[in-house]
Amino acid sequence: MGRRKGSATRCGYCYSEGHNRVTCPSLKKEIANDPEGPAARRAKRKKSRQKKRTCSYCQQPGHNQTTCSIKKCDATEYAHLNWKYQNAMSAIFRKAGFGVGSIVMQRKYDAELYYLVIGLNLDHINLANAYSRGLGNDDTDSNVYSPVKLQRIDIQNIHESDRGRAWHINPAVSVPKFAHDEIFGAEENKYDNSSTTLEVVGPVEIGSAKMGFNRQAGCGFLNNKEFGGDYASRTIKRIKDKIKTSQIR
């Protein structure tokens, strides 16, 4: 049974109250008086195990992911860079009149498809997703790559057999490519798979208030156990390199 909240700490070695086994003066005295005794040998084995322990985040010995200073620094820096990215997206959306209520056009082969923007998942518009589609989604939403919800408005141009299919009528797509082109540069962004080519043909007025972005959004990959080795740490470094050549300041 664990110690009840508010109860006194009791040492597991001498059973006195007010301290634990780690700080026990009796145990320390025994180790000092008998360096080769059983208590001293147990202490040496424990210290050896701690030295061999390797952090699953940075792969450095002597600590774990919970106490990793490199991970804490990376999480803080990611949040700062993500805040800059989201501020840039907010300014671009405002300038383009892109938001809920906008009318956008998507060219598909020789056809022009027209949609009404009916929703934006701001938690999925983050720097991790800009780096690699789906990396920055911290939930299990089925539209994990698609923060922009659309509704087709040129129904007359849809074949009757397709009018009952959701992906024709109410598709969900990634962020507009014109935003990433402005941030990362059109040439650099040529093969971007985290955005969709949309053209705003019916802009809406976006207020001056900041959009409801969350600077922590997308940082879940730092704790994802499915990524082995120092994947998260290396990814943070690559994200920093991507930002260096961008318009984000």
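Would you be able to say whether some residue in the range 175-188 is among the charged types (D, E, K, R), exposed (fewer than 13 other Cβ atoms within 10 Å of the Cβ) and modelled with pLDDT under 85? Checked against the condition, which is being among the charged types (D, E, K, R), exposed (fewer than 13 other Cβ atoms within 10 Å of the Cβ) and modelled with pLDDT under 85, the range 175-188 yields no hits at all. Evaluated against (1) under 23 Å from V100 (Cα atoms); (2) without any contact (Cβ under 8 Å) to a residue 60 or more places away in the chain, Y191 falls short on exactly one condition, (1).
Identify, from the list Y115, Y85, the residue that is closer than 28 Å to K244 by Cβ, buried (at least 17 other Cβ atoms within 10 Å of the Cβ), touching a residue at least 24 places away in the same chain (Cβ under 8 Å) and assigned by TED's automatic domain parsing to the domain that holds L198. If you could, list the steps in order and put the result at the bottom.
Details: Y115 fails: closer than 28 Å to K244 by Cβ.
Y85 is the lone residue from the list that is closer than 28 Å to K244 by Cβ, buried (at least 17 other Cβ atoms within 10 Å of the Cβ), touching a residue at least 24 places away in the same chain (Cβ under 8 Å) and assigned by TED's automatic domain parsing to the domain that holds L198.
Meeting the requirement of 3 or more residues that are modelled with pLDDT of 90 or more, the helices (runs of 4 or more DSSP H) wholly within the range 1-114 are 25-33, 69-96.
Please count how many residues of the range 192-208 are assigned to a loop (DSSP other than H, G, I, E, B) and of a type in the set (D, E, K, R).
Step one: filter the range 192-208 for residues assigned to a loop (DSSP other than H, G, I, E, B), giving 192-194, 197-198, 203-208.
Restricting the remaining residues to those that are of a type in the set (D, E, K, R) gives 192, 205.
The number of residues fulfilling the criteria is 2.
Among the residues making up the range 154-191, those that are part of a helix (DSSP H, G or I), over 21 Å from the mean Cα position of the chain (by Cα) and not acidic (D, E) are I155, Q156, N157, S161, A166, W167, H168, I169, F178. Cβ-Cβ contacts under 8 Å between residues 6 or more apart (or on different chains), taken from a first residue in the range 201-217 that is charged (D, E, K, R) to a second residue that is in a loop (DSSP other than H, G, I, E, B) and surrounded by 15 or more Cβ atoms within 10 Å (Cβ to Cβ), are listed as E205/G97.
Hey, any hits in the range 209-219 for a residue that's outside any loop (DSSP other than H, G, I, E, B), under 19 Å from the mean Cα position of the chain (by Cα) and under 28 Å from C58 (Cα atoms)? So far as the range 209-219 goes, yes, one or more of its residues are outside any loop (DSSP other than H, G, I, E, B), under 19 Å from the mean Cα position of the chain (by Cα) and under 28 Å from C58 (Cα atoms).
Being acidic (D, E) and within 31 Å of the chain's Cα centre (by Cα) is a property that E30 lacks.
The values are calculated or read from the model by the stated rules, or taken from the named source; none is laboratory data. Being a predicted model, the structure only gives us computed values, none of them experimental. So basically every Cβ, Gly included, is an ideal-geometry build from the backbone, and we count neighbours across all protein chains shown.
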